[in-house]
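Since the structure comes first, as structure tokens, the remarks are kept for the end.
The values are calculated or read from the model by the stated rules, or taken from the named source; none is laboratory data. Just so we're clear, the structure is a prediction, and the values are computed from it rather than from any experiment. Don't worry about glycine lacking a Cβ; one is built from the backbone with ideal geometry, like all the others, and counts go over all protein chains shown.
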Amino acid sequence: MGFGWLAHPRTVDECRDNAPFITGRQIIDNIRILAATLLAATTCAAQAQSADAAPTHWHVGVQVGAVKDHSKTDPAIQATFGYDINSTFAVEALAGLSLLFIRTGEFLDPGEREYDSTTGVRVLATLPLDDHWRVVGGLGVVNFGDDVGTATSGHHDTSSKTTPMVSASLMYRKSRHFSFGVEAASFTSSHASSVGLKSEWHF
């Protein structure tokens, strides 16, 4: 009936000899391997955390909005590239351009102005509100270009003028590398202003 195992029962010693056996040395070796693995993982994590905590000094930004030049408002884009001197002050170069690829131009009424482009530099000062929100004020000088309708209807002149630029923005620092917000600026000598949504990448 297949009950031969009842006639030849195994002793405790026979079971012990036939069972797989892990020596104390193997246990120690496994512990050493596990400890080395954990140590390596911890070291890598610490290095990554240290690198992530390093300050970011450079930033690039893009802003999309509108520029009001006297009575005419046109969509515009602005790009910035800056260096953070410390947590409070930064310097920044900027360039703006009208988004009207087919512009009114020669159809301007006499004295009417149409925004064309801006290039310049500014100094920024940051006031933190909490861990994420900050207010940023800017003061700089830009070359403001626009088209001006002449006295003869159907013609225009291209104008370029150096003007002070004053700006203020409310920014939200989402992470170490990314922030976004809204900015308003005034080009005082050109009687123009701008407003737009902006985003920045910090590195």
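Which count do you get for residues in the stretch 127-149 that are crowded, with 16+ Cβ neighbours inside 10 Å and either more than 23 Å from the chain's Cα centre (by Cα) or hydrophobic (A, V, I, L, M, F, W, C) (or both)? Working first, answer last.
Step one: list which residues in the stretch 127-149 are crowded, with 16+ Cβ neighbours inside 10 Å, which gives 134, 136, 138, 140, 142, 144-149.
Cutting the leftovers down to either more than 23 Å from the chain's Cα centre (by Cα) or hydrophobic (A, V, I, L, M, F, W, C) (or both) gives us 136, 142, 144-149.
Total satisfying the criteria: 8.
Return the residues of the stretch 117-145 that are among the hydrophobic types (A, V, I, L, M, F, W, C) and not in a strand (DSSP E or B); say none if nothing qualifies. Steps first, please.
Taking the stretch 117-145 and keeping what is among the hydrophobic types (A, V, I, L, M, F, W, C), we get 121, 123-125, 127, 129, 133, 135-136, 139, 141-142, 144.
Result: L129, single match.
Please find, within the stretch 147-166, the residue that is nearest to K68 (Cα to Cα) out of those that are in contact with a helix residue (DSSP H, G or I) (Cβ under 7 Å, 6 or more places away or on another chain) and part of a strand (DSSP E or B). Break it down into steps so the answer makes sense when it comes.
Narrowing the stretch 147-166 to residues in contact with a helix residue (DSSP H, G or I) (Cβ under 7 Å, 6 or more places away or on another chain): 147, 154-156, 161, 163-164, 166.
Going one step further and asking which of them are part of a strand (DSSP E or B), we end up with 147, 156, 161, 163-164, 166.
Numbers: D147: 13, H156: 18, K161: 16, T163: 15, P164: 16, V166: 15 Å.
Applying the filter and picking the extreme gives D147.
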**OP:** Please specify each residue of the stretch 168-193 satisfying the condition of being crowded, with 20+ Cβ neighbours inside 10 Å, of a type in the set (S, T, N, Q) and assigned to a strand (DSSP E or B).
**Re:** S169, S179
Subject >> Pair list, Cβ < 8 Å and 6+ apart or interchain, from the stretch 68-95 residues that are under 15 Å from M165 (Cα atoms) to residues that are outside any strand (DSSP E or B) and aliphatic (A, V, I, L, M) >> reply: V91/I85
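Condition check ((1) at pLDDT below 95; (2) hydrophobic (A, V, I, L, M, F, W, C); (3) in a loop (DSSP other than H, G, I, E, B)) across all residues:
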residue	(1), (2), (3)
D52	yes, no, no
T56	yes, no, yes
H59	no, no, no
V64	no, yes, no
D74	yes, no, no
Q78	no, no, no
Y83	no, no, no
S87	yes, no, yes
V91	no, yes, no
Subject >> Every residue from the stretch 67-97 that is touching a Gly at 6+ places or on another chain (Cβ under 8 Å) and surrounded by 18 or more Cβ atoms within 10 Å (Cβ to Cβ) >> reply: V67, A76, Q78, T80, G82, A90, E92, L94
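For every residue, the table says whether it meets (1) modelled with pLDDT of 95 or more; (2) touching a Phe, Trp or Tyr at 6+ places or on another chain (Cβ under 7 Å); (3) of a type outside the set (A, V, I, L, M).
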| residue | (1), (2), (3) |
| --- | --- |
| T119 | yes, no, yes |
| G140 | yes, no, yes |
| A151 | no, no, no |
| H155 | no, no, yes |
Original post:
Being surrounded by 13 or more Cβ atoms within 10 Å (Cβ to Cβ), closer than 23 Å to T188 by Cα, modelled with pLDDT of 95 or more and hydrophobic (A, V, I, L, M, F, W, C), is that true of even one residue in the stretch 98-105?
Top reply: no
